[in-house]
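A quick write-up on the structure given underneath.
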Amino acid sequence: MTYKIALAGNPNSGKTTLFNRLTGSNQYVGNWPGVTVEKKAGKLKDHTEFSIIDLPGIYSLSPYSLEEVIARNYLINDKPDAIINIIDGTNIERNLYLTLQLLELGIPVVLAINMYDLLTKENKHLDIDYLKERLGCEIVTISALKDQGIDELIKTVITLNRVEYSPNIDYFDPKIENILDRISNKLPLKTFAKRYFAIKQFEQDEKIIVDHPLDPKTLEMVKKLEEERDDDSSAIIANARYQFINKIVRLSSEDQQELTISDKIDQIVTNRWLALPIFAIIMTLVYYISVTTIGTIVTDWTNDVLFGDLILNGVKDFLVNMNTSDWIVSLVSDGIIGGVGAVLGFVPQMLILFTFLALLEASGYMARIAFIMDRIFHRFGLSGKSFIPMLIGTGCSVPGIMASRTIENNNDRKMTIITTSFIPCSAKLPIIALIAGALFNEAWWVGPSAYFLGIFAVIISGIILKKTNLFTAEPSLFVMELPAYRVPQFKNIFNSVFERGSSFIKKAGTIIFISSIIIWFTSNVGIEGGKLVFVSDLNNGFLATFGKIIAPIFQPLGWGNWRSTVATIIGLVAKENVVNTFGILYGVAEVSEAGEEIWSNLAISFTPFSAYSFLIFNLICAPCFAAIGAIKREMNNSKWTIFAIGYQTILAYVLAFIYYQIALFASGNQLNTLTILSFIFVGIILYLLFRKKK
Ligand code: BGO
């Protein structure tokens with residue numbers, strides 16, 4: 001007779017170390033069926049009738065990640081005789097979550113509490129007898145690393161009484177139990193892991209209800225409970241499990257575990273009601289300080305004095321003294337200094353923003369933001385995992401989009417790739433700062449609103465797209481370890497800001513530099529009198545001719561002039577190009593030389609409404625070519641790439657259209673066809689948001 005023992009546990013719980021202890025050199029490695037994930041198995045040392053199967057490290061049995069699918073399929077299909085569940089004793093609350101799910105399966109579990117050497121070192125002891133009584137399974141404390149408790153573990157496994165095994169899995173309240181009973185009674189009598197399946201059906205786990213749909217009456221009961229508790233069914237189950245875990249661990253710990261400072265901060269920062277307002281206040285302050293207050297003081301100097309006066313006049317005087325021809329003087333001053341200088345002028349604001357973001361990251365708050373956003377995202381069909389690429393995307397969308405690789409669920413990954421660039425990257429910061437400074441007179445709300453507009457676009461896209469046939473599955477559960485808060489190290493902050501800042505400056509010296517030269521030539525050269533000449537008026541240049549053909553498309557958004565049109569299109573090469581194109585086309589160099597505010601010409605072309613509409617479109621539309629390339633690589637499919645870019649651009653157009661037309665109407669303009677059309681767009685969006693999912 002041979003017995004199959006599965007070894008299950010969270011990643012990093014010491015599973016590999018224990019597996020090696022249990023099997024010694026008696027190991028064989030293969031692959032799990034159908035996938036290229038390594039499968040390790042071996043014979044129990046000195047008891048070769050027991051084979052040990054090492055399952056992939058998992059946090060739960062919800063079959064969303066590949067590892068979870070493998071582990072779950074093995075446990076349910078191969079029905080091992082027992083499970084050794086190894087848990088990290090220093091992180092017992094989180095680890096016990098999987099334990100409860102394993103107990104719910106009905107397969108006998110031996111709980112191996114690992115890292116006990118670390119607990120002992122800190123003079124902490126768990127009340128094992130109490131834990132045993134509450135869980136109803138065998139428990140052994142071990143140190144896989146130090147080879148302590150392993151013999152006792154082996155002895156417990158081989159003498160396990162599988163017949164009288166009865167775990168205590170009665171931690172759900174009567175209302176949940178009532179529904180679980182109903183579901184259980186409807187399952188075939190001999191169903192293996194009946195309790196587990198009943199819970200999964202209660203949670204409306206997509207993969208389970210395909211084969212075992214809930215009957216309408218039970219589904220109604222579940223929905224009613226969800227409404228009553230203002231949570232979805234899987235969160236109701238998760239809450240009940242965690243409440244139980246909290247109770248048994250608190251009571252079983254011999255010395256009262258004190259809350260750490262991190263725990264105390266988290267009680268406020270991740271509080272159900274306070275978390276979002278705190279997040280909104282922090283991000284508003286970050287953008288307000290970096291884009292408007294301190295950022296502006298420094299940027300005004302770099303724009304008006306450094307680039308607009310010192311460098312510009314210095315270089316111009318030098319070239320004139322060298323008797324350089326007029327067009328070269330203009331190319332260097334209007335094209336290169338006007339263009340590249342316009343972008344570099346915003347570097348101080350960017351460095352301040354990067355410093356704040358790095359501080360939030362290094363202190364551990366960013367990890368909390370992902371946790372907080374998971375609550376919101378999950379409600380709207382997105383996974384909190386999507387927020388990690390978005391956090392990375394605040395620097396540059398390209399690594400942000402690439403970070404979506406870490407999301408196993410195909411739907412969630414595609415959704416994240418499509419929406420990551422909605423969160424403003426560093427290249428969009430100059431656009432935001434330009435609009436806030438030159439067109440809104442440093443209004444405090446412009447910077448923060450750009451960030452929240454990005455989050456708004458992500459959320460409405462999540463809801464709308466998840467209701468289409470393209471995205472059907474539920475978002476996957478998001479498990480992440482929240483690191484303790486730390487005082488940020490100066491070196492780490494400096495490195496992070498330096499890395500992001502230098503890549504921005506490098507881009508200004510390469511792509512933006514070359515783009516500026518091309519923009520200068522194409523805008524200054526044209527056909528006059530049948531001849532190719534340097535035009536006297538930019539309105540006659542090639543760029544103007546091209547821009548005027550496309551501009552009518554943007555007329556309903558309030559900025560259908562050729563300059564804004566070409567700035568937007570050239571922004572596809574790199575988003576900073578929006579600013580340098582404006583710099584060249586609005587003659588930043590000329591006006592600054594005349595001693596005026598350098599962006600005064602730009603202000604004449606916009607109203608506050610058209611300026612904000614321009615901002616909306618440029619923040620949400622298709623990202624730069626580098627990011628489009630990243631989308632193509634990550635999607636690995638041309639149709640999906642076209643869909644992503646098309647969706648982003650259409651959404652940008654519709655949002656800017658609605659904003660501009662309704663703003664005009666609200667400010668007293670007469671109702672016209674475009675206003676009616678904007679209301680129709682609002683109606684369509686509301687329909688897409690609130691329609692029932694098929
Ligand atoms: C590193 N006690 C202690 N103190 N540590 C343990 C114990 C234990 O009982 N058991 C395991 N560890 P895995 P998964 C490491 O690798 O078996 C340690 O993912 C390091 N590596 O040594 O790999 C174990 O298979 C550098 O630690 O877990 C390992 O479940 C610095 O827990 C880690 C510090 O064990 C994970 C630790 C380069």
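Among the residues of the range 106-148, write down those that are near the ligand (Cβ under 9 Å from one of its atoms) and open to solvent by less than 50 Å² (accessible area, probe 1.4 Å).
Within the range 106-148, 114, 115, 116, 117, 142, 143, 144 meet the criteria.
With respect to residue 155, determine if the residue is out of contact with any Leu (no Cβ under 7 Å at 6 or more places or on another chain), open to solvent by 40 Å² or more (accessible area, probe 1.4 Å), modelled with pLDDT of 90 or more and part of a loop (DSSP other than H, G, I, E, B). Break it down stepwise before answering.
Details: out of contact with any Leu (no Cβ under 7 Å at 6 or more places or on another chain): yes; open to solvent by 40 Å² or more (accessible area, probe 1.4 Å): yes; modelled with pLDDT of 90 or more: yes; part of a loop (DSSP other than H, G, I, E, B): no.
Answer is no for this residue.
From the list 632, 639, which one is among the charged types (D, E, K, R) and within 19 Å of the chain's Cα centre (by Cα)?
632
Counting only residues that are among the basic types (Lys, Arg), give me the strands (runs of 3 or more DSSP E) lying completely in the range 38-92 with at least 1 of them. Reasoning before the result, please.
Values: elements: 38-44, 47-54, 82-88.
Because the criterion is at least 1 residues that are among the basic types (Lys, Arg), the strands (runs of 3 or more DSSP E) in the range 38-92 that meet it are 38-44.
Only one of 315, 347, 329 is in contact with a Leu (Cβ under 8 Å, 6 or more places away or on another chain) and either closer than 17 Å to residue 432 by Cα or free of Cβ contacts under 8 Å to residues at least 40 places away in the same chain (or both). Can you tell me which? First the steps, then the outcome.
Details: 315 fails: in contact with a Leu (Cβ under 8 Å, 6 or more places away or on another chain); 347 fails: in contact with a Leu (Cβ under 8 Å, 6 or more places away or on another chain).
Within the list 315, 347, 329, the selection yields 329.
Against the conditions (1) more than 13 Å from the ligand (Cβ to nearest atom); (2) crowded, with 19+ Cβ neighbours inside 10 Å; (3) modelled with pLDDT of 90 or more, where does residue 98 fall short? Just the number, please.
With respect to (1) more than 13 Å from the ligand (Cβ to nearest atom); (2) crowded, with 19+ Cβ neighbours inside 10 Å; (3) modelled with pLDDT of 90 or more, residue 98 is out only on (1).
Under the condition of being polar (S, T, N, Q), touching a Leu at 6+ places or on another chain (Cβ under 9 Å) and within 23 Å of residue 674 (Cα to Cα), which residue from the range 565-614 is modelled with the lowest pLDDT?
This residue is 607.
Considering only residues that are assigned to a loop (DSSP other than H, G, I, E, B), within 23 Å of residue 69 (Cα to Cα) and open to solvent by 40 Å² or more (accessible area, probe 1.4 Å), which ones fall in the range 16-34? Steps first, answer last, please.
Of the range 16-34, the ones assigned to a loop (DSSP other than H, G, I, E, B) are 24-26, 32-34.
When the remaining residues are screened for being within 23 Å of residue 69 (Cα to Cα), the result is 32-34.
Result: 33, 34.
So which residues in the range 210-224 are part of a helix (DSSP H, G or I) and out of contact with any helix residue (DSSP H, G or I) (no Cβ under 6 Å at 6 or more places or on another chain)?
Residues of the range 210-224 part of a helix (DSSP H, G or I): 216-224.
Answer for the range 210-224, where residues must be part of a helix (DSSP H, G or I) and out of contact with any helix residue (DSSP H, G or I) (no Cβ under 6 Å at 6 or more places or on another chain): 216, 217, 219, 220, 223, 224.
Are any of the residues in the range 218-234 more than 17 Å from residue 195 (Cβ to Cβ), among the small types (Gly, Ala, Ser) and either surrounded by fewer than 16 Cβ atoms within 10 Å (Cβ to Cβ) or not assigned by TED's automatic domain parsing to the domain that holds residue 72 (or both)? So that I can check it myself, show each step before the final result.
Here is the first cut: in the range 218-234, the ones more than 17 Å from residue 195 (Cβ to Cβ) are 219-221, 223-232.
Right, trim to among the small types (Gly, Ala, Ser) and you get none.
No, because not a single residue in the range 218-234 is more than 17 Å from residue 195 (Cβ to Cβ), among the small types (Gly, Ala, Ser) and either surrounded by fewer than 16 Cβ atoms within 10 Å (Cβ to Cβ) or not assigned by TED's automatic domain parsing to the domain that holds residue 72 (or both).
If we only count helices (runs of 4 or more DSSP H) wholly inside the range 275-330, which ones have 3 or more residues that are over 30 Å from residue 534 (Cβ atoms) and of a type outside the set (A, V, I, L, M)?
Details: elements: 275-287, 293-300, 312-321, 326-330.
Result: 275-287, 293-300.
Would you be able to say whether some residue in the range 433-448 is over 29 Å from residue 301 (Cβ atoms), among the hydrophobic types (A, V, I, L, M, F, W, C) and in a helix (DSSP H, G or I)? Talk me through it step by step, then tell me what you get.
The first filter runs over the range 433-448 and keeps only residues over 29 Å from residue 301 (Cβ atoms), leaving none.
No, the range 433-448 contains no residue that is over 29 Å from residue 301 (Cβ atoms), among the hydrophobic types (A, V, I, L, M, F, W, C) and in a helix (DSSP H, G or I).
Quick one: which residue in 243, 201 is over 25 Å from the mean Cα position of the chain (by Cα), surrounded by 18 or more Cβ atoms within 10 Å (Cβ to Cβ), assigned to a helix (DSSP H, G or I) and not hydrophobic (A, V, I, L, M, F, W, C)? Even if it seems obvious, please write down each step before you answer.
Values: 243 fails: surrounded by 18 or more Cβ atoms within 10 Å (Cβ to Cβ).
Step by step, each of 243, 201 is checked, and only 201 is over 25 Å from the mean Cα position of the chain (by Cα), surrounded by 18 or more Cβ atoms within 10 Å (Cβ to Cβ), assigned to a helix (DSSP H, G or I) and not hydrophobic (A, V, I, L, M, F, W, C).
Out of all the residues in the range 44-65, which are away from the ligand (no atom under 16 Å from the Cβ) and either buried (at least 19 other Cβ atoms within 10 Å of the Cβ) or more than 18 Å from residue 112 (Cα to Cα) (or both)?
44, 46, 47, 48, 49, 50, 51, 61, 62, 63, 64 - these are the residues of the range 44-65 that are away from the ligand (no atom under 16 Å from the Cβ) and either buried (at least 19 other Cβ atoms within 10 Å of the Cβ) or more than 18 Å from residue 112 (Cα to Cα) (or both).
For residue 361, which of the numbered conditions (1) touching a Leu at 6+ places or on another chain (Cβ under 7 Å); (2) within 28 Å of residue 491 (Cβ to Cβ) fails to hold?
(1)
Confirm whether residue 186 is within 16 Å of the ligand (Cβ to nearest atom) and farther than 23 Å from residue 248 by Cα. First the steps, then the outcome.
Working: within 16 Å of the ligand (Cβ to nearest atom): no; farther than 23 Å from residue 248 by Cα: yes.
Taking the combined requirement at face value, the residue does not satisfy it.
The values are calculated or read from the model by the stated rules, or taken from the named source; none is laboratory data. All values derive from a computational prediction rather than experimental measurement. With ideal geometry, Cβ positions are generated from the backbone for all residues, glycine too; neighbour counts draw on all protein chains shown. Heavy atoms of the whole protein, side chains included, go into the accessibility calculation; ligands, DNA and RNA do not. Shrake-Rupley method; radii C 1.70, N 1.55, O 1.52, S 1.80 Å.
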